[in-house]
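Since every read-out is calculated from the coordinates, none of them should be taken as a lab result. Everything quoted here is computed from the prediction, not taken from an experiment. Heads up, the Cβs are rebuilt from the backbone with ideal geometry, glycines too, and the neighbour counts pull from every protein chain shown.
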Amino acid sequence: MVSALVVQQRVADLVRECHGRLLALLAAPTRDIAAAEDALADAVERALKRWPDDGIPADPEAWLLTVARNRMRDMWKSHAYRMTRPIAEFDDSPTEVGDEPAIPDRRLELMLVCAHPAIAPEVRTPLMLQVVLGVTATAIAEAFAVEPAAMAQRLVRAKKRIRDAGIPYVLPEREDLAARLPAVLEAVYGAYAIDWQLVPQGAPLETLSAEALHLSLVLAELLPDEPEVLGLAALICLSQARRPARRGADGCFVPLDRQDTTRWDIALIARGEALLRRAHGFGRPGRFQYEAAIQSAHFTRPRDLAALRKLYRALLRVAPSLGAAVALAAVEGEIDGPEAGLRQLDAITQPAVERFRPAWTTRAHLLAEAGRSAEAADAYRMAIGLTGDPGVEAYLREQQRSLELH
């Protein structure tokens, strides 16, 4: 007998760790992602019911795969399914628990399926986030500023398209790979960014960020001569290396210049730097390489502000973004004074800047540096109203109070 709570936690951990790997194997024979999701959900439900009495299997991942495969075989044999679905050849003999060989990792093939030209460009990244990394449609909708119902509908249509078009689960030829690769890189980076923003404080770090790190390193191993693949892996290594120091013991956000450097992951930093050097050697810079170089520059003490300004300007040329524009304004303020930074901030024309919390935080800091305390306090109030992170909110309120006290 095993406690139901222990089983629930183990199953939750398995789903988080193995979702994409199992789903890729289950969906490959028929290209039917929705059916594979149903089969995997059924296996999870059976585990929750049976493991408290039977005990947790020695290889619980193989147990889930076996039960889900047998569920799919039952479905494949049904007359209704054969009449309405294109079927690939499959072994219709049931598998006994414990008979599964070593479980291969076919997540990259699944990601490339999701990036196939037959899939609408705007849904490729959300689809990969859901089917490979298990991100919920609600979280994806929030990240992409889309209504949850609309996002769910797009994902359903994309899965149907994969099934009906019979898109094969194979690594494409080199030319096709180059066309699909940008969407794959965006999905891996998107998973990391979503986890960074949405995982509650105090949750274990072995969540989407760890999965994104793993996938980026697998991509770098598979495509060692693609500099942007190496750049993405370097970026996530360097970003993840600072993550433990980003929060204090009280959960409050800690800005980069105040972080305890002893809490940085030195091994990850070294790995990221090595990947970045390899990418640089190809002489074909791109967005992820510039972002990784920016992360690398932030590790130096004192920081090379001139290098950071150059890197942000280069990043804005190849991949303009609101975040990069705001970061450049902050660097300009450090180099040429707060008024110069404020002018750079005022020059940003994107309408979204008014709802962008980092822009208000940067404005508040620059105003405080310029001695305009009342305006800075107002800017901090705006930033506080735009954050949903308690740790960041606590930090911003501390900055606001210190202005009001002086």
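Helical content alone sets the calculated 222 nm signal of the chain at -22500 deg cm²/dmol, taking -39,500 (n - 2.57) per DSSP H segment of four or more residues and averaging over every residue. Straight-line reach from LYS160: taking Cα to Cα under 12 Å and skipping same-chain neighbours fewer than 8 places apart, the aspartates and glutamates in range are ASP32.
Multiply the residue gap between VAL6 and GLU339 by 0.36 nm, knock off their C-alpha separation, and tell me the result in nm, one decimal place. Going from the current span to full extension adds 114.2 nm. Here the 3J(HN,Hα) profile of the stretch 166-181, calculated from phi with Karplus coefficients 6.51, -1.76 and 1.60 at θ = phi - 60°, is x, 5, x, 8, 9, 6, x, 5, 4, 5, 5, 4, 4, 6, 8, 4 Hz, Gly and Pro shown as x. On the basis of the beta-carbon distance and an R0 of 51 Å, GLU221 and ARG401 show a calculated FRET efficiency of 0.55. Annotation: the stretch 4-84 has a Kirkwood hydrodynamic radius of 13.0 angstrom, from the mean reciprocal C-alpha pair distance.
The packing ranking, built from the mean of other Cβ atoms within 10 Å per residue, places the peptides 218-230, 59-71, 246-258 in the order 59-71, 218-230, 246-258, highest first. Here the peptides 367-374, 331-338, 287-294, 125-132 are ranked by packing, the mean other Cβ count within 10 Å, and the order with the highest first is 125-132, 287-294, 331-338, 367-374. Each Lys and Arg Cβ is given +1 and each Asp and Glu Cβ -1; about its Cα centre, the stretch 320-406 then shows a dipole of about 220 debye.
A simple spin-label model places the labels of ASP105 and ASP257 3.9 nm from each other, with each point 7 Å out along Cα-to-Cβ. Any aspartates and glutamates with Cα under 13 Å of the LYS77 Cα? List them, leaving off those in the same chain fewer than 8 positions away. Straight-line reach from LYS77, under 13 Å: GLU89, ASP91, ASP92. Around the Cα centre of the chain, unit charges on the Cβ atoms of Lys, Arg, Asp and Glu (plus for the first two, minus for the last two) sum to a dipole of about 620 debye.
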